[in-house]
Amino acid sequence: MLAKTGGRYRVLSSGVTLEATLRGRLKRGQEQVLVGDRVTLRSHTDAAVTIEAVEERKSVLRRRTPGRRHGVRLVAANLDQVAVVGAARQPDWAPQLMDRFIAVAAANDLPVAVVINKCDLLEDPAALGRAYERAGYEVLYTSVPAGAGLGELRDLLAGRSSLFTGPTGVGKSSLLNALQPGLRLRTGVVSRRSHSGRHTTVAAEMYPFAHGGFVVDTPGLRDIGLWGLERAEVEAAFREFRAYVGYCKFDDCRHLHEPGCAVRAATERGEIVASRLDSYRRMLQEAHTAARPWYAGRDR
């Protein structure tokens, strides 16, 4: 399934894009039909097409519903990887926000690549990517005006089902337009007053990629919640910690203020980038707060 508008679904079948609706039984059920779903279609004598069933999914990307403490939004299904896109400038690089996108993808057991876009606007964009390269992530440096990194990004996407995500205004749609001009995705400009981007993609939508595979473009976000992540999932999202956690003095070390913490020591030596440890601590606190019962701290 490529996209949903109201109660109508755009589905690719044998190279032809069809418009379909849900069959009554499926419509009354609790199961959502997601972008990326493989579905069973039925053609009717009046030329109508209905979605009869959703095939088993190999993966689902979930994230917290914006503005709500509880509630998870299912974003897309059957993904092979997530490309987290940030801007070197305009808007300014936001490592803690990037780390949140990476954590959510990691919690969904999806491989992550980091794309630093608008690298022509910064003298040394590689400085932004070193934390992620050290952690073992593939990092790409791109610029649409300069044509930088587009070949590498094309190779990353080719033959796979990939989701593009990241903060608002970092140029996700512009990158996809540059790779496949026929898409003609809407692009926006960054506000001079707030230095933040404007939303140009309003809902997740999947596009066949000319070089094989599919790409899902998603709305840019100014924030992303972590509700539902456990402590172990937060720690797993910071893969550079793995080489050190077994050397902490205490087996249950949270890498906060405990004595003998090997992760903190590695950060002080410069082996772990300080911004990554700071992101981890903020996420761990958020995960702990979200896990508390709703009545915690209330008068009884």
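Here are the numbers for the structure shown:
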quantity: FRET efficiency for ALA232 and GLU55, using Cβ-Cβ distance with R0 set to 22 Å, rounded to 0.05; calculated: 0.15
quantity: Within the accessible area of the range 30-146 (1.4 Å probe), percent carbon and sulfur; calculated: 45
quantity: Computed FRET value (nearest 0.05) for ARG154 with ASP124, which takes r as the C-beta separation and R₀ as 30 Å; calculated: 0.75
quantity: Förster radius 41 Å - calculated FRET efficiency between ARG73 and ALA265, Cβ distance, rounded to 0.05; calculated: 0.60
quantity: Charge context of ASN117, other residues only, Cβ under 12 angstrom, K/R +1, D/E -1; calculated: +2
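The values are calculated or read from the model by the stated rules, or taken from the named source; none is laboratory data. Since the model is a prediction, treat every value here as computed from it, not as a measurement. We place every Cβ from the backbone using ideal geometry, glycine too, and count neighbours over all the protein chains shown. Ligands, DNA and RNA are stripped out before the accessible areas are found, and what is left, the full protein with its side chains, is counted by its heavy atoms. Shrake-Rupley method; radii C 1.70, N 1.55, O 1.52, S 1.80 Å.
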